[in-house]
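Before I ask anything, let me first share the structure, which is written out below as structure tokens.
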Amino acid sequence: MRRMVRETSLSVDDFIYPLFVRAGEGLKKPIGSLRDCFHFSPDRIADEAAEVADLGIPAVLLFGLPAQKDERGSEAWSESGPVQQAIRAIKERAAELLIVTDVCLCEYTSTGHCGVIKASCGEGILPLHVSPGQDEAKMASGRKGGTPSPQVDNDATCELLAKMALSHVQAGADIVAPSDMMDGRVRAIRQALECNGFHDVAILSYAAKFASAFYGPFRDAAESAPAFGDRKSYQMDPANAREAVREIELDLDEGADIVMVKPALSFLDIIRRARERFDCPVAAYNVSGEYMMLHAAADAGLIDRDAVMMEVLTSIKRAGADIILTYHAKAAAAMLR
């Protein structure tokens, strides 16, 4: 009777499984901050992708860790970059699997920020040179005496994101997912794809991405923590719901096909607003901090991990998400099977 009158049904078809690919060969290394997740080299990731496909999960999301970083994140659009290599390897091994690629510069820049950093002062705009490992205290002391304060060059970043997205699609990506939260980046990517003949590639936009404290494990896994400051100047204030609706509407107007709310659990109300307001697929990212909190509670003997996992995923679906990006995807798919 419960099954017959159930209002919300969770399916393996709802999932996208995130994968981390880094430069190198023969690599499958556990990620300490993300239970049961790994860093794969491009030559090893196809095996994992085939396993994901065998579970019936329809798509993977690729994050790249390059061999070297610079201020512009120039490895992001390299034809021989780890994501580009991984796309080709997965297409050969599991052609039926949809490949979604994260489009953001934070893993590729020496600053750890999602865009090109500029510095403003009374004499105009100057580039800000930051070495990996510089912390906020050092940067703050360096700003004394009129040293320019850092900020992101939005428009310059959009141009680079379009190059990055185009390189992913040229390698064989089915969907590109800009996660940077720069204004106008969906339009820039859509124009780049259209001008190069890629009319059928979808854009899954991180449309309402909040400046959340739940990203910690991911930033360790992706080696993308900011070298200084934070991302509050371009990621959304968690207190704002109406602004989230405006951000989603802007991305749809610019050519997004699917919109995402991130994180999921703290923003179920935003998922519901998006579902009620917009007639398009809505995705939600069950992020790393949410994932690892569940594992920590289970390790402490406080909860039944599998039962809580399924309850969490069902709650995201019930709120209105059509697609759930989650590190639980493999375990949930096995249970649903």
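The values are calculated or read from the model by the stated rules, or taken from the named source; none is laboratory data. All values reported here derive from a predicted model rather than from experimental measurement. Cβ: placed from backbone, ideal geometry, glycine included. Neighbour counts: every protein chain shown.
Does ALA307 meet the test of being surrounded by fewer than 23 Cβ atoms within 10 Å (Cβ to Cβ), over 21 Å from the mean Cα position of the chain (by Cα) and not in a strand (DSSP E or B)?
Against the criterion (surrounded by fewer than 23 Cβ atoms within 10 Å (Cβ to Cβ), over 21 Å from the mean Cα position of the chain (by Cα) and not in a strand (DSSP E or B)), ALA307 qualifies.
Inside the stretch 167-178, can you point out the residues that are over 15 Å from GLY64 (Cα atoms) and either part of a helix (DSSP H, G or I) or hydrophobic (A, V, I, L, M, F, W, C) (or both)?
Of everything in the stretch 167-178, those that are over 15 Å from GLY64 (Cα atoms) and either part of a helix (DSSP H, G or I) or hydrophobic (A, V, I, L, M, F, W, C) (or both) turn out to be GLN170, ILE175.
Now for a different question. From the list GLY197, GLY216, GLY146, GLY229, pick out the single residue that is at pLDDT below 95, surrounded by fewer than 17 Cβ atoms within 10 Å (Cβ to Cβ) and outside any helix (DSSP H, G or I).
From the options GLY197, GLY216, GLY146, GLY229, the qualifying one is GLY146.
Tell me, yes or no, whether the stretch 183-192 has at least one residue that is within 29 Å of PRO58 (Cα to Cα), over 17 Å from the mean Cα position of the chain (by Cα), in a loop (DSSP other than H, G, I, E, B) and without any contact (Cβ under 8 Å) to a residue 40 or more places away in the chain.
no
While we're looking at this one, here's another question. Given (1) in contact with a helix residue (DSSP H, G or I) (Cβ under 7 Å, 6 or more places away or on another chain); (2) over 16 Å from TYR17 (Cα atoms), where does ASP279 come up short, assuming only one miss?
(1)
Turning to a different aspect of this structure: Out of the stretch 278-302, which residues are surrounded by 14 or more Cβ atoms within 10 Å (Cβ to Cβ), closer than 17 Å to ARG318 by Cα and of a type outside the set (Gly, Ala, Ser)?
PHE278, CYS280, PRO281, VAL282, TYR285, ASN286, listed by residue number.
Check LEU252, LEU268, LEU294, LEU313 and return the single one that is over 17 Å from the mean Cα position of the chain (by Cα), under 29 Å from GLU194 (Cβ atoms), modelled with pLDDT of 95 or more and in a helix (DSSP H, G or I).
So the residue among LEU252, LEU268, LEU294, LEU313 that is over 17 Å from the mean Cα position of the chain (by Cα), under 29 Å from GLU194 (Cβ atoms), modelled with pLDDT of 95 or more and in a helix (DSSP H, G or I) is LEU252.
Related question: Report, by residue number, each residue of the stretch 150-166 that is surrounded by fewer than 21 Cβ atoms within 10 Å (Cβ to Cβ), of a type outside the set (A, V, I, L, M) and in a helix (DSSP H, G or I).
Of everything in the stretch 150-166, those that are surrounded by fewer than 21 Cβ atoms within 10 Å (Cβ to Cβ), of a type outside the set (A, V, I, L, M) and in a helix (DSSP H, G or I) turn out to be ASN154, ASP155, GLU159, LYS163.
Which condition breaks for ALA283 when tested against (1) more than 30 Å from GLU194 (Cα to Cα); (2) assigned to a strand (DSSP E or B)?
(1)
Within the stretch 41-62, is even one residue free of Cβ contacts under 8 Å to residues at least 24 places away in the same chain, surrounded by fewer than 24 Cβ atoms within 10 Å (Cβ to Cβ) and of a type in the set (A, V, I, L, M, F, W, C)?
no
Right, next: Given ILE99, ILE87, ILE117, which one is more than 22 Å from LYS209 (Cβ to Cβ), surrounded by 20 or more Cβ atoms within 10 Å (Cβ to Cβ) and of a type in the set (Val, Ile, Thr)?
Unique residue meeting the criteria: ILE87.
Taking ARG88, is it touching a residue at least 24 places away in the same chain (Cβ under 8 Å), among the basic types (Lys, Arg) and either under 19 Å from GLY172 (Cα atoms) or in a strand (DSSP E or B) (or both)?
Yes.
Could you tell me which numbered condition SER224 fails, if it satisfies all but one of (1) of a type in the set (S, T, N, Q); (2) in a helix (DSSP H, G or I); (3) buried (at least 18 other Cβ atoms within 10 Å of the Cβ)?
With respect to (1) of a type in the set (S, T, N, Q); (2) in a helix (DSSP H, G or I); (3) buried (at least 18 other Cβ atoms within 10 Å of the Cβ), SER224 is out only on (2).
I've got another one for you. Select from the stretch 238-249 the residues that are within 18 Å of the chain's Cα centre (by Cα) and surrounded by fewer than 18 Cβ atoms within 10 Å (Cβ to Cβ) and list them in ascending order.
Correct list: PRO238 only.
Taking the stretch 97-113 as the region of interest, how many residues are at pLDDT below 95, part of a loop (DSSP other than H, G, I, E, B) and not small (Gly, Ala, Ser)?
7
Could you grab me the full set of residues in the stretch 316-337 that are assigned to a loop (DSSP other than H, G, I, E, B) and closer than 18 Å to PHE20 by Cβ?
Residues satisfying the conditions are TYR327, HIS328.
Sort through LEU61, LEU65, LEU55 and tell me the only one that's farther than 14 Å from ALA89 by Cα and touching a helix residue (DSSP H, G or I) at 6+ places or on another chain (Cβ under 6 Å).
LEU55
Of the conditions (1) within 25 Å of ARG337 (Cβ to Cβ); (2) touching a residue at least 60 places away in the same chain (Cβ under 8 Å); (3) among the acidic types (Asp, Glu), GLU254 clears all except one; give me its number.
With (1) within 25 Å of ARG337 (Cβ to Cβ); (2) touching a residue at least 60 places away in the same chain (Cβ under 8 Å); (3) among the acidic types (Asp, Glu) applied to GLU254, the lone miss is (1).
Residues in the stretch 114-122: is at least one within 24 Å of ARG190 (Cα to Cα) and either aliphatic (A, V, I, L, M) or at pLDDT 90 or above (or both)?
Yes; the residues of the stretch 114-122 include at least one that is within 24 Å of ARG190 (Cα to Cα) and either aliphatic (A, V, I, L, M) or at pLDDT 90 or above (or both).
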